[in-house]
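Trainee: Below are the C-alpha cells for one structure; questions will follow.
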Amino acid sequence: MIVQLRYQFRVYPTPSQQVELAKAFGCARVVFNDGLRVRQQAREQGEKYVSDAELSKRVITQAKLTPQRAWLGEVSAVVLQQALADLNTAYRNFFASVTGKRKGRKVAPPRFRSRKDNRQAIRFTKNSRFKVCDNGRLRLPKIGDLDVRWSRELPSDPS
C-alpha cells in the first residue's frame with residue numbers, strides 16, 4: 001500500500017500576472033513589517049500591547065487612506081490580513097516559548113522581512129473566493145487565472 005502525502009505543483013504566470021504577484025508579495029511584506037514596527041515602538045515607549053484589531057486598523061485601513069501607502073489597495077485585502085495573522089502567530093509562538101508553554105527549542109521574536117530574501121509567500125483564505133477551476137487553473141482575486149501543473153488530482157477542494 002502506497003500512501004502519498006505531498007502535492008507538487010508549478011505555477012506559470014503570464015508577465016502581467018507576475019507583476020500582480022510581485023505587488024501582492026511586496027504589499028504583504030510591507031504590512032508585516034509595519035505591524036512589527038508598530039508593536040516594537042509601543043513596547044519601547046512603555047505602552048500596552050497593540051491589539052490585533054487596532055493593528056489592522058492602523059496598518060491596513062488607515063494606511064490605505066494615506067498617499068504614501070495608497071498602493072496597498074491594489075492587492076486583495078485578504079493577503080494583507082493574512083500577513084498580519086502571520087505576525088500574530090509569530091508573536092504567539094514567541095510568547096509561548098518564553099513562558100514555557102511551547103515545547104522544543106526557544107523561538108526568537110519576530111523579525112522584519114527583507115526585500116532581498118527570495119522566500120516570498122502570500123496566503124488566500126476560503127472567503128477570498130480563490131478556486132481551482134475545472135481546467136486545472138487556479139483563480140486568485142486581483143491576479144487572475146494562473147496556469148498550474150499539478151502532480152496529481154486534489155482529493156478535495158483546497159481550503
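Trainee: Scan segment 138-159 residue by residue and report those that are at pLDDT 90 or above and part of a loop (DSSP other than H, G, I, E, B).
Mentor: Pro141, Lys142, Ile143
Trainee: Determine if segment 5-15 includes at least one residue that is surrounded by 15 or more Cβ atoms within 10 Å (Cβ to Cβ), at pLDDT 90 or above, on the phi < 0 side of the Ramachandran plot and not in a strand (DSSP E or B).
Mentor: First, pick out the residues of segment 5-15 that are surrounded by 15 or more Cβ atoms within 10 Å (Cβ to Cβ): 13.
Checking the rest, the ones that are also at pLDDT 90 or above come to 13.
Then drop every residue that is not on the phi < 0 side of the Ramachandran plot, which leaves 13.
Going one step further and asking which of them are not in a strand (DSSP E or B), we end up with 13.
Scanning segment 5-15 turns up at least one residue that is surrounded by 15 or more Cβ atoms within 10 Å (Cβ to Cβ), at pLDDT 90 or above, on the phi < 0 side of the Ramachandran plot and not in a strand (DSSP E or B).
Trainee: Being over 16 Å from the mean Cα position of the chain (by Cα) and in a loop (DSSP other than H, G, I, E, B) is the requirement here; does Val107 meet it?
Mentor: Working: over 16 Å from the mean Cα position of the chain (by Cα): yes; in a loop (DSSP other than H, G, I, E, B): yes.
Yes.
Trainee: When the residues of segment 27-69 are narrowed to those that are surrounded by fewer than 17 Cβ atoms within 10 Å (Cβ to Cβ) and of a type in the set (Gly, Ala, Ser), which ends up farthest from the chain's Cα centre (by Cα)?
Mentor: Gly46
Trainee: Restricting attention to segment 126-137, which residues are part of a loop (DSSP other than H, G, I, E, B) and either of a type in the set (A, V, I, L, M) or within 23 Å of Gly73 (Cβ to Cβ) (or both)? Let's see the steps before the verdict.
Mentor: Kept after step one, since they are part of a loop (DSSP other than H, G, I, E, B), are these residues of segment 126-137: 129-130, 133-137.
Arg129, Phe130, listed by residue number.
Trainee: From the list Glu47, Glu20, pick out the single residue that is touching a strand residue (DSSP E or B) at 6+ places or on another chain (Cβ under 8 Å) and either assigned to a helix (DSSP H, G or I) or within 25 Å of Phe94 (Cβ to Cβ) (or both). Can you show your working first?
Mentor: On the way: Glu47 fails: touching a strand residue (DSSP E or B) at 6+ places or on another chain (Cβ under 8 Å).
Within the list Glu47, Glu20, the selection yields Glu20.
Trainee: Every residue in segment 47-76 that is of a type in the set (Gly, Ala, Ser) and modelled with pLDDT of 90 or more, please.
Mentor: In the first step, residues of segment 47-76 are kept if they are of a type in the set (Gly, Ala, Ser); the result is 51, 53, 56, 63, 70, 73, 76.
Across segment 47-76, the qualifying residues are Ala53, Ser56, Ala63, Ala70, Gly73, Ser76.
Trainee: Here is a follow-up. Test Val79 against the stated conditions and say whether it is touching a Cys at 6+ places or on another chain (Cβ under 6 Å) and touching a residue at least 40 places away in the same chain (Cβ under 8 Å). Working first, answer last.
Mentor: Working: touching a Cys at 6+ places or on another chain (Cβ under 6 Å): no; touching a residue at least 40 places away in the same chain (Cβ under 8 Å): yes.
It is false that Val79 is touching a Cys at 6+ places or on another chain (Cβ under 6 Å) and touching a residue at least 40 places away in the same chain (Cβ under 8 Å).
Trainee: Out of all the residues in segment 120-131, is one or more under 15 Å from the mean Cα position of the chain (by Cα), exposed (fewer than 14 other Cβ atoms within 10 Å of the Cβ) and within 19 Å of Val19 (Cβ to Cβ)?
Mentor: yes
Trainee: What residue, among those in segment 87-108 that are without any contact (Cβ under 8 Å) to a residue 40 or more places away in the chain and hydroxyl-bearing (Ser, Thr, Tyr), is surrounded by the most Cβ atoms within 10 Å (Cβ to Cβ)?
Mentor: Residues of segment 87-108 without any contact (Cβ under 8 Å) to a residue 40 or more places away in the chain: 88-90, 92-108.
Of the ones still in play, those that are also hydroxyl-bearing (Ser, Thr, Tyr) are 89, 97, 99.
Details: Thr89: 11, Ser97: 17, Thr99: 8.
Checked segment 87-108; the qualifying residue surrounded by the most Cβ atoms within 10 Å (Cβ to Cβ) is Ser97.
Trainee: So Arg111 passes all but one of these: (1) surrounded by fewer than 10 Cβ atoms within 10 Å (Cβ to Cβ); (2) at pLDDT below 85. Which condition number does it fail?
Mentor: Failed condition: (2).
The values are calculated or read from the model by the stated rules, or taken from the named source; none is laboratory data. These numbers were taken from a predicted model, which means no experiment stands behind them. Cβ: placed from backbone, ideal geometry, glycine included. Neighbour counts: every protein chain shown.
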